[in-house]
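Comments concern the structure below.
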Amino acid sequence: NLVKGAIVSLRTDKGRPKYFTETSPGNFKLEKTMVLSGFWYNLEVEYEGKVYSARSYLNELVPIVDIGISYFDGYGLFESGYKISCYLRDPVNRENYYRIKYFVNGDLIDDSEEISLYTDKLFDGKVIGLGQRTMVFHETDTLTVELQSIDKAAYDYFSTLESISGNVMEQTASPSNPLSNFNNGALGYFSAYSADRRTFIIKDYLKKQ
């Protein structure tokens with residue numbers, strides 16, 4: 001449910017809080033505010049006399065180096081279509097976490113069944129292409145690929161969310177809530193992230209190869 005009438009603010013560790021405006025019941029927006037990478041950001045929500053807070057580190061932008069496209073000939077329950085690889089140059093000797101989101105014809109793809117989430121533990125400092133397990137796209141799609149550089153708290157939240165929802169091959173005795181970076185038992189997460197985007201029509205991109 002949307003929380004109406006809350007007091008929401010954002011600040012750096014040593015900065016003054018800036019307050020969000022409630023643009024519609026339960027929706028809050030902070031306008032004309034610049035954020036910089038390399039800082040911790042602290043979100044605070046005051047509601048019905050209780051304060052909920054979370055913090056997130058804004059990593060430097062890791063740009064998309066290139067896009068790779070390959071055709072997947074589906075079988076069984078898996079649909080035929082084009083798979084996308086997002087190539088990046090991972091910063092060396094730095095712990096990095098990534099999430100990739102996809103927009104088709106301007107609409108964000110629901111990734112609840114397959115969250116494209118990665119850690120650089122196995123490819124630190126290398127150029128690598130990151131792709132999907134089962135998600136495919138079509139030749140006429142106008143596709144936007146968004147590479148997000150997230151922090152460990154956001155990575156842990158989505159990793160445990162996948163485990164709980166059954167999209168990862170893990171079995172638990174009793175499903176619990178995903179790891180949240182909020183205190184006071186609040187559900188959800190707060191993430192400050194940098195992002196790079198590429199937009200292209202798949203058939204036009206293939207012609208350039």
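The values are calculated or read from the model by the stated rules, or taken from the named source; none is laboratory data. Everything quoted here is computed from the prediction, not taken from an experiment. Note: ideal-geometry Cβ built from the backbone for every residue, glycine included; neighbour counts use all protein chains shown. Keep in mind that these areas ignore ligands, DNA and RNA; they rest on the heavy atoms of the full protein, side chains included. Shrake-Rupley method; radii C 1.70, N 1.55, O 1.52, S 1.80 Å.
Here are a few things to note about the model shown:
- Residue 149 touching a residue at least 24 places away in the same chain (Cβ under 8 Å) and either touching a Phe, Trp or Tyr at 6+ places or on another chain (Cβ under 9 Å) or among the basic types (Lys, Arg) (or both): yes
Matching residues to (1) within 18 Å of the chain's Cα centre (by Cα); (2) farther than 22 Å from residue 116 by Cβ; (3) at pLDDT 90 or above:
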position: 168; (1), (2), (3): yes, no, no
position: 173; (1), (2), (3): no, yes, no
position: 176; (1), (2), (3): no, yes, no
position: 182; (1), (2), (3): yes, yes, yes
position: 186; (1), (2), (3): no, yes, no
position: 190; (1), (2), (3): yes, no, yes
position: 193; (1), (2), (3): yes, no, yes
position: 209; (1), (2), (3): no, yes, no
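Matching residues to (1) touching a Cys at 6+ places or on another chain (Cβ under 8 Å); (2) aromatic (Phe, Trp, Tyr):
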{"residue": "56", "(1), (2)": "no, no"}
{"residue": "64", "(1), (2)": "yes, no"}
{"residue": "72", "(1), (2)": "no, yes"}
{"residue": "83", "(1), (2)": "no, no"}
{"residue": "86", "(1), (2)": "no, no"}
{"residue": "91", "(1), (2)": "no, no"}
{"residue": "94", "(1), (2)": "no, no"}
{"residue": "98", "(1), (2)": "no, yes"}
{"residue": "105", "(1), (2)": "no, no"}
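- The test for being within 23 Å of residue 57 (Cβ to Cβ) and either within 11 Å of the chain's Cα centre (by Cα) or modelled with pLDDT under 90 (or both) holds for residue 162.
- Condition met for residue 139 (out of contact with any strand residue (DSSP E or B) (no Cβ under 9 Å at 6 or more places or on another chain), charged (D, E, K, R) and in a loop (DSSP other than H, G, I, E, B)): no
- Among the residues making up the stretch 137-158, those that are among the hydrophobic types (A, V, I, L, M, F, W, C) and over 15 Å from residue 103 (Cβ atoms) are 150, 153, 154, 158.
The rows are residues; the columns are (1) over 20 Å from the mean Cα position of the chain (by Cα); (2) open to solvent by less than 80 Å² (accessible area, probe 1.4 Å); (3) in contact (Cβ under 8 Å) with a residue 24 or more places away in the chain.
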residue	(1), (2), (3)
15	yes, yes, no
30	no, yes, no
36	no, no, no
46	yes, no, yes
57	no, yes, yes
63	no, yes, yes
73	yes, no, no
85	no, yes, yes
89	no, no, yes
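- Subset of the stretch 91-103 (residues that are open to solvent by 90 Å² or more (accessible area, probe 1.4 Å) and either among the aromatic types (Phe, Trp, Tyr) or in contact with a Gly (Cβ under 8 Å, 6 or more places away or on another chain) (or both)): 92, 93
- Residues in the stretch 116-127 that are over 16 Å from residue 69 (Cβ atoms) and either open to solvent by 30 Å² or more (accessible area, probe 1.4 Å) or not in a loop (DSSP other than H, G, I, E, B) (or both): 117, 118, 119, 120, 121, 122, 124, 125, 126, 127.
- Condition met for residue 60 (of a type in the set (D, E, K, R) and more than 19 Å from residue 160 (Cβ to Cβ)): yes
- Close pairs (7 angstrom Cβ cut-off, 6 or more residues apart or separate chains): open to solvent by 60 Å² or more (accessible area, probe 1.4 Å) in the stretch 104-115, assigned to a loop (DSSP other than H, G, I, E, B) anywhere: 105/141; 113/167
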